[in-house]
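The block underneath contains the structure these notes are about, expressed in structure tokens.
The values are calculated or read from the model by the stated rules, or taken from the named source; none is laboratory data. Values in this document were obtained by computation on a predicted structure and should not be read as measured data. Cβ sites come from the backbone with ideal geometry, for glycine too, and all protein chains shown count toward neighbours. Surface accessibility is based on the protein's heavy atoms, side chains included, excluding ligands, DNA and RNA. Shrake-Rupley method; radii C 1.70, N 1.55, O 1.52, S 1.80 Å.
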Amino acid sequence: MALSEIRAAERNESGIALALDILKQRFGERFSTGEALRRQHAHSTTYIPAQLPDGVVFADNADEVQQAVQVCADHKVPIIPFGTGTSLEGHINAPAGGISIDVSRMNRVLAVNAEDLDCTVEPGITRKALNDYLRDTGLFFPIDPGADASLGGMAATRASGTNAVRYGTMRDNVIALDVVLANGRKITTAKRARKSSAGYDLTRLMVGSEGTLGVITSLTLKLQGIPQAISGGVCPFPTLEAAANAVIMTIQMGLPVARIELVNALQVQAINAYSKLDLPVSPCLFLEFHGTEAGVKEQAETFGEIAAELGGSEFIWSTRAEERLKLWQARHDAYWACIALRPGTKSVATDVCVPISRLAECIAETEVDIAEAGLIAPIVGHAGDGNFHVSALVDDTSREEIEALEKFVERLNMRALAMGGTCTGEHGIGQGKMHFLELELGGALDVMRSIKTALDPDNIMNPGKIVRL
């Protein structure tokens, strides 16, 4: 991506002015045009400049979402759905202005069907809040992207995270959605049945659509039983390539690992300093196994044998919850640990995903590229899926550093595509990766444009994201 591609779009000034007046009358104190609040609802996670909406509506229920969408539809005003704002590719920017519809107050659990292992929730509830609610049922929702994101936002960006190697992504765990379309009409994409051959799969169409096709107002989700036993630990390796090869062997042997996360030596250094750990400063794998007590013991021991064969140190693992939680909290705090390596800079996180057989090669080439580019850029990865992240620390006021970053990101994405991979495993497209999506899918983008135009002919649903119209 290049900053030159992040431009403001043409504004519908008269329509926006009318919509602001109507929404103020209808929502009162739950509608704001204050700059500070509008800035909170624009993109600021990386170095992509914030593009502010003109107003923010705080919806309390699906009917209010419909009302807000209808006002915007009547006056051809852009709509930007907002959950918790943790996305990384400019998804919540408003390049043409418009209205941010904040669903964070829509945070209720509507139903739990324990016998069917599913639940229905509103889009503003976060994954941690849902799992707190479910704790006494013996069930949990397994998708864990690290950030305590809203479940509506997680569906919209097709999120995944550390547990995806065993439990899949949001694509695999969303059964049905209620969605308000660009014309204000609300639809339900499916019933609660676990499988269906009934027509087009509208659920999967909406999952990953990044708010460009509609606003999610409820989700029906698959749940899992809380494992009887969990074992986890960390294993150092002499090289990043050896660690990546251990991941490949683990997956190819069919070992049912729940989490297998790769961190390079620089990231370990950052984690040690930030989370007060004393891990060996070398490439490491963080692992977790779910199952019975005998099962997780056997799985951990089998992985230990794999690690030894590839030159890894002893795999130290434990079933004690406090030890595992400390380790995984350190992994989830990797973003903040990175920033502490170079205070005063921006951490620009980007991700790619490649077939598992190409993971070691792709990561090794990327480490060499980082060194040659003179960047400080730790690597972490949901390695069991072939997905890894690079967090480059740059001075966003330095044109020279930004240019070096943009050239590196270009090479990283082209490397992944050349290996049969994708420009993003879980961050999504937003504004930041539109160029690479065109290179990845080519003519298939015309089909996406046709779908977008059919469902949103006035291009008011999160315009300027995924595809250029």
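What aspartates and glutamates could a cross-link reach from Lys186, if we take a straight Cα to Cα line under 18 Å and drop same-chain neighbours fewer than 8 places away?
Once the sequence-local aspartates and glutamates are set aside, what remains near Lys186 is Asp60, Asp63, Glu64, Asp74, Asp102, Glu122, Asp178, Asp201, Glu210, Asp456, Asp458.
Classify the stretch 215-280 from the C-alpha gyration tensor, please: rounded if a/c falls under 1.5, else prolate or oblate depending on whether a/b exceeds b/c.
Prolate, since a/c reaches 1.5 and a/b exceeds b/c.
Which value in deg cm²/dmol, rounded to the nearest 500, describes the helix-derived mean residue ellipticity at 222 nm for the chain, given -39,500 (n - 2.57) per DSSP H run of n ≥ 4 and division by the residue count? Don't jump to the answer; show the numbers that get you there.
On the way: 17 runs with 177 residues, N = 469.
About -11000 deg cm²/dmol.
Can you give me the Cα centroid spacing of the stretch 290-316 and the stretch 416-464 in angstrom?
Their Cα centres are 40 Å away from one another.
Does anything in the stretch 210-247 have its amide N under 13 Å from the 7 Å Cα→Cβ label point of Thr137, and if so which residues?
Only 219-226 pass the distance filter.
Using the heavy atoms of the protein chains alone and a 1.4 angstrom probe, what is the accessible area of the stretch 90-173 per residue in square angstrom?
33
Skipping prolines and chain starts, which residues have an amide H placed within reach, meaning under 5 Å, of the one on Ala176, given they are 5 or more residues away or on another chain?
Distant-sequence amide H within range of Ala176: Thr220.
In whole Å, how far is the Cα centre of the stretch 328-353 from that of the stretch 80-130?
After rounding, the separation between the Cα centres reads 24 Å.
Sequence-distant or interchain residues sharing an amide H contact under 5 Å with Asn113, placed H: which?
Asp118, Cys119, Thr120
Counting other Cβ atoms within 10 Å, keep those with at most 16, restrict to DSSP loop, and tell me which trypsin sites (Lys or Arg not before Pro) in the stretch 279-343 are left.
The qualifying sites are Arg320.
Label Ala321 and Ala8 with points 7 Å out from Cα along Cα→Cβ: what is the distance between them in nm?
In this crude spin-label approximation the distance works out to 5.2 nm.
Pulled fully out, how much extra length does the chain show between Thr33 and Glu361, if you take 0.36 nm times their separation in residues and subtract their Cα-Cα distance?
The Thr33-Glu361 span can extend by a further 113.1 nm.
Distance between the C-alpha centers of the stretch 205-244 and the stretch 249-288? Whole Å please.
Result: 16 Å between the Cα centres.
Given the pairs Lys222/Lys433; Lys24/Lys76; Lys191/Lys222; Lys128/Lys276; Lys128/Lys191; Lys326/Lys346, which are separated by over 20 angstrom at their Cα positions?
Values: Lys222/Lys433 30 Å; Lys24/Lys76 17 Å; Lys191/Lys222 13 Å; Lys128/Lys276 24 Å; Lys128/Lys191 25 Å; Lys326/Lys346 26 Å.
With Cα atoms farther than 20 Å apart: Lys222/Lys433; Lys128/Lys276; Lys128/Lys191; Lys326/Lys346.
Between Gly291 and residues 5 or more places away or on another chain, which pairs have amide H atoms under 5 Å apart, with H built 1.01 Å from N, and which residues are they?
Gln228, Ala229
Tell me which DSSP H helices of the chain clear both cut-offs, 20 Å or more of axial length from alpha-carbon atoms and a mean Kyte-Doolittle hydropathy of at least -0.5.
Qualifying helices, which must be both long enough and hydrophobic enough, are 13-27, 293-309, 359-373, 399-418.
Take the solvent-accessible surface of the protein heavy atoms, probe 1.4 Å, and return the percent of it on the chain that carbon and sulfur atoms account for.
Accessible surface attributable to carbon and sulfur in the chain totals 51 percent.
What shape does the stretch 316-397 take by its C-alpha gyration tensor, where a ≥ b ≥ c are the square roots of the eigenvalues and a/c under 1.5 counts as rounded, a/b above b/c as prolate, and the rest as oblate?
Oblate shape, in that a/c is at least 1.5 and b/c is the bigger or equal ratio.
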